[in-house]
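Student: Got a structure here, written out as structure tokens. Questions coming.
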Amino acid sequence: MSEALVASRTAGTDVFVPAASGGLQFWRRLRTQRAALGAAVVVALLVLVALAAPLLTAIEGQDPTSYHPALIDSARGGVPTGPLGGIGPDHWLGIEPQTGRDLFARLAYGARVSLGVALAATVVQIAFGVVLGIAAGLGNRWVDELLSRITDIFVAMPLMIMSLALLAIVPPAFPRPVLVTLVIGLISWGNIAKVVRARTLTLKELDHVAAARLSGWGAWRIARRELVPGLAAPVLTYAALLVPQNVTVEAALSFLGVGVKPPTPSWGQMLTAADVWYQAAPQYLLLPAGALFVTVLALTVLGDGVRTALDPRAASRLRVGTGRRRETKADTGSRGDSV
């Protein structure tokens, strides 16, 4: 197996060393973006809280569904007793108004639903988009035309309206997180299919793909061996930007009452129940809203960092950090020294 070699001149002698792998180059570019690394740490902590929710709530001694009516002031309409919404050693973030359920437990378990649905829906979107995009790009004129028109239909579908309609008619016995995942994933794969088709049309004109076709390889063998490596960067970039979008969609569906149903906790569902308590118990509204804001912001910054690391020629849209300005100053200083 041949290795790519790069030359470096040392003491007048050319020394050839193996080029860095694609993964190593990606990591080197990503670690120069401090904002993206900070966002990755936040996302990792959120995922850790979601995965360790049973352990964390066991340490606290609570669960997300138990009611604590003794901690509710019924004379004031169900407002939690105690300072700051009932925060204390037994309830780290306080309790819900009216029900007395532990807020930390519901936030931790809600992270499992929100992040799990978003990630699983992204996998469904990517799977459908990649398969249909490659099929359209490699197919003949009629296959391409048919799949492109189907893709246009799905792109034109209003996601929220179609999701509301589908979620409203499915029997309640169907697991709601799975249903929300499938609805989001099966409706909104059109844009990634368009990206994959356009990239496939470009890649199949390259010499190595043409040689594979002339040698008699089948379409799916060509796709697996020759096209998928070239599609990895745009697909990973798009997937990184889809996750925060899907977090928002899941929260919106739960907020509208057609997403995850009680007693399963969800951040959007918590916002729905908190809309009448923002004055009497503001922490009930601020905690799930803050969790959503931090999650979407961290995923968006991380997705932008992944996009920039995979395509170093593209400037970051967020312009976060000062590394680029320092590089510019260093280049200017080196040019001044050379003059």
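Student: Any idea which residue in the range 127-152 is modelled with the lowest pLDDT, counting only those that are of a type in the set (D, E, K, R) and more than 22 Å from N246 (Cβ to Cβ)?
Tutor: R141
Student: Consider L206 carefully, then state whether it is at pLDDT below 85, surrounded by fewer than 19 Cβ atoms within 10 Å (Cβ to Cβ) and either under 30 Å from I169 (Cα atoms) or touching a strand residue (DSSP E or B) at 6+ places or on another chain (Cβ under 7 Å) (or both). Walk me through how you get there before you give the answer.
Tutor: On the way: at pLDDT below 85: yes; surrounded by fewer than 19 Cβ atoms within 10 Å (Cβ to Cβ): yes; either under 30 Å from I169 (Cα atoms) or touching a strand residue (DSSP E or B) at 6+ places or on another chain (Cβ under 7 Å) (or both): no.
No, not satisfied.
Student: Please determine, by comparing only the residues of the range 52-80 that are in contact with a strand residue (DSSP E or B) (Cβ under 9 Å, 6 or more places away or on another chain) and within 18 Å of L287 (Cα to Cα), which one is surrounded by the most Cβ atoms within 10 Å (Cβ to Cβ).
Tutor: Among those that are in contact with a strand residue (DSSP E or B) (Cβ under 9 Å, 6 or more places away or on another chain) and within 18 Å of L287 (Cα to Cα), it is P80.
Student: Please state which one of V260, V247, V243 is in contact (Cβ under 8 Å) with a residue 60 or more places away in the chain and farther than 30 Å from W27 by Cβ.
Tutor: Answer to the check: V260.
Student: Is it the case that W277 is at pLDDT 85 or above, farther than 24 Å from V195 by Cβ and of a type outside the set (A, V, I, L, M)?
Tutor: In short, no.
Student: From the set of residues in the range 263-314 that are charged (D, E, K, R) and over 17 Å from the mean Cα position of the chain (by Cα), which is nearest to A36 (Cα to Cα)? Break it down into steps so the answer makes sense when it comes.
Tutor: Here is the first cut: in the range 263-314, the ones charged (D, E, K, R) are 275, 304, 307, 311, 313.
Among the residues that remain, those that are also over 17 Å from the mean Cα position of the chain (by Cα) are: 275, 311, 313.
Working: D275: 33, D311: 15, R313: 17 Å.
Only one residue fits best here, namely D311.
Student: Which one is farthest from V180 (Cα to Cα), of the residues in the range 124-142 that are small (G, A, S) and part of a helix (DSSP H, G or I)?
Tutor: In this case the residue turns out to be G137.
Student: To continue, here is another question. Taking the range 133-156 only, how many residues are aliphatic (A, V, I, L, M) and more than 16 Å from T202 (Cα to Cα)? Spell out how you get there, then give the answer.
Tutor: Taking the range 133-156 as the starting set, the residues that turn out to be aliphatic (A, V, I, L, M) are 134-136, 138, 143, 146-147, 150, 153, 155-156.
Now narrow it down to the ones that are more than 16 Å from T202 (Cα to Cα): 143, 146-147, 150, 153, 155-156.
So the answer is 7.
Student: In the range 219-286, which helices (runs of 4 or more DSSP H) lie fully inside it and hold 3 or more residues that are surrounded by fewer than 17 Cβ atoms within 10 Å (Cβ to Cβ)?
Tutor: 219-222, 228-255
Student: Which condition number does A289 fail, the rest of (1) modelled with pLDDT under 75; (2) out of contact with any Pro (no Cβ under 8 Å at 6 or more places or on another chain) being met?
Tutor: Here A289 clears every test but (1).
Student: Tell me the residue from V124, V155 that is modelled with pLDDT of 85 or more, within 29 Å of T295 (Cα to Cα) and surrounded by fewer than 17 Cβ atoms within 10 Å (Cβ to Cβ), please.
Tutor: After ruling out the rest, the residue left standing is V155.
Student: Out of (1) in contact (Cβ under 8 Å) with a residue 60 or more places away in the chain; (2) closer than 14 Å to V113 by Cα, what's the single condition that is false for L179?
Tutor: With respect to (1) in contact (Cβ under 8 Å) with a residue 60 or more places away in the chain; (2) closer than 14 Å to V113 by Cα, L179 is out only on (1).
Student: Could you say which residue among L93, L84 is over 17 Å from T264 (Cα atoms), among the aliphatic types (A, V, I, L, M) and in a helix (DSSP H, G or I)?
Tutor: Among L93, L84, only L84 is over 17 Å from T264 (Cα atoms), among the aliphatic types (A, V, I, L, M) and in a helix (DSSP H, G or I).
Student: What are the residue pairs meeting all of these: first residue in the range 54-79, first residue of a type in the set (K, R), second residue surrounded by fewer than 17 Cβ atoms within 10 Å (Cβ to Cβ) and modelled with pLDDT under 90, Cβ atoms under 8 Å, and 6 or more apart or on different chains?
Tutor: R76/A280
Student: Further, regarding this structure: Have a look at N191, N140 and point out the one that is polar (S, T, N, Q) and either within 27 Å of D311 (Cα to Cα) or in contact with a helix residue (DSSP H, G or I) (Cβ under 8 Å, 6 or more places away or on another chain) (or both).
Tutor: None of the others qualify; the one that does is N191.
The values are calculated or read from the model by the stated rules, or taken from the named source; none is laboratory data. All of these numbers come straight from a predicted model, not from anything done at the bench. Positions of Cβ are generated from backbone atoms using ideal geometry, with glycine treated the same way; all protein chains shown enter the neighbour counts.
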